[in-house]
Amino acid sequence: MKNKIDNIEVLQGDLTEMKLDIIVNAANHTLLGGGGIDGIIHYKAGPQLLEECKKLNGCEIGSAKMTDGYNLPCKKIIHACGPMYYGHKEEAPIKLKECYKKCIELADNYRIENNLKSVSIGFPCISTGIYGYPKDEACKIAIDTIKECINENIEVKFVCYGELDYKLYMNYLNGINKGVFEL
Ligand code: AR6
């Protein structure tokens, strides 16, 4: 099985340690920090990140906003506000898709504005932790959406924290459509 197909790669590890141009944060609509990866990103980036986030006036669900990376190894952070799953099941897939699309749009704009040949962007499995989105459904939306909107100048890394996520993403990238319970 390949862990990289075209410009999409699946990795296992800690996204906050990765030296990528951009990492994506699984944030909330306030953009003022929280638990999960959001908490780790704010802790490691340092207090200047919160100061910048305070000026952004929050973010709509299904959208995203960019800040500097401060003390993190990445250059920029895209704070994506994914949907909560429970109570919003009908609109959750649409919002999750919009989130991934917006991140690619922001990454590509960053590349163009800075005259870069290419840009690397790392994603966590947005909404699948505290926000309760079923992992396999979120995986399909994530990979399908990225395939739809990626271009040859963007390198996407899905950085899975846990082994289950890693297996799911690897399988789905390789065309094997298994659910969590079949792994
Ligand atoms: N590297 C890569 N992935 C990680 C890391 C890491 N260091 N740490 C956690 N994950 P979550 P959500 C994975 O809960 O579900 C916050 O309070 C984790 O295994 O961080 O979108 C926000 O402020 C999971 O697969 O985000 C919001 O209020 C994924 O990151 C809310 O949680 C997302 O889990 C957002 O919830």
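The values are calculated or read from the model by the stated rules, or taken from the named source; none is laboratory data. The structure displayed is predicted, hence computed values, not measured ones. Reconstructed Cβ throughout: ideal geometry from the backbone, glycine too, with neighbour counts over all protein chains shown. Surface areas here come from the heavy atoms of the whole protein model, side chains and all, with no ligands, DNA or RNA. Shrake-Rupley method; radii C 1.70, N 1.55, O 1.52, S 1.80 Å.
If you go through the stretch 114-123 one residue at a time, do you hit one that is of a type outside the set (S, T, N, Q), under 22 Å from residue 14 (Cβ atoms) and more than 14 Å from the ligand (Cβ to nearest atom)? For the stretch 114-123, residues of a type outside the set (S, T, N, Q), under 22 Å from residue 14 (Cβ atoms) and more than 14 Å from the ligand (Cβ to nearest atom): present.
Determine if the stretch 96-104 includes at least one residue that is at pLDDT 95 or above, touching a Ser or Thr at 6+ places or on another chain (Cβ under 8 Å) and open to solvent by 70 Å² or more (accessible area, probe 1.4 Å). Scanning the stretch 96-104 turns up at least one residue that is at pLDDT 95 or above, touching a Ser or Thr at 6+ places or on another chain (Cβ under 8 Å) and open to solvent by 70 Å² or more (accessible area, probe 1.4 Å). Scanning the stretch 1-44 for residues that are over 13 Å from residue 67 (Cβ atoms), away from the ligand (no atom under 11 Å from the Cβ) and either crowded, with 17+ Cβ neighbours inside 10 Å or aromatic (Phe, Trp, Tyr) (or both) yields 7, 8, 9, 10, 20, 21.
Starting from residues that are touching a strand residue (DSSP E or B) at 6+ places or on another chain (Cβ under 9 Å) and basic (Lys, Arg), keep the ones in the stretch 62-92 and report whichever is most open to solvent (accessible area, probe 1.4 Å). Working first, answer last.
The first filter runs over the stretch 62-92 and keeps only residues touching a strand residue (DSSP E or B) at 6+ places or on another chain (Cβ under 9 Å), leaving 62-70, 72-82.
Right, trim to basic (Lys, Arg) and you get 65, 75-76.
Values: 65: 65, 75: 115, 76: 48 Å².
Only one residue tops the list, namely 75.
In the stretch 69-83, the residues that are touching a residue at least 12 places away in the same chain (Cβ under 8 Å) reach residues that are of a type in the set (Lys, Arg) with C-beta atoms within less than 6 angstrom, at least six apart or across chains, in these pairs: 69/75; 69/76; 72/44; 73/19; 79/65; 83/95. Criterion first (open to solvent by less than 50 Å² (accessible area, probe 1.4 Å), more than 18 Å from residue 16 (Cβ to Cβ), within 15 Å of the ligand (Cβ to nearest atom) and more than 11 Å from the chain's Cα centre (by Cα)) does residue 141 satisfy it? Against the criterion (open to solvent by less than 50 Å² (accessible area, probe 1.4 Å), more than 18 Å from residue 16 (Cβ to Cβ), within 15 Å of the ligand (Cβ to nearest atom) and more than 11 Å from the chain's Cα centre (by Cα)), residue 141 qualifies. When residue 159 is tested against (1) touching a residue at least 60 places away in the same chain (Cβ under 8 Å); (2) surrounded by fewer than 20 Cβ atoms within 10 Å (Cβ to Cβ); (3) within 12 Å of the ligand (Cβ to nearest atom), only condition (2) is not met. Every listed requirement among (1) closer than 23 Å to residue 7 by Cβ; (2) modelled with pLDDT under 95 is met by residue 88 save one, (1).
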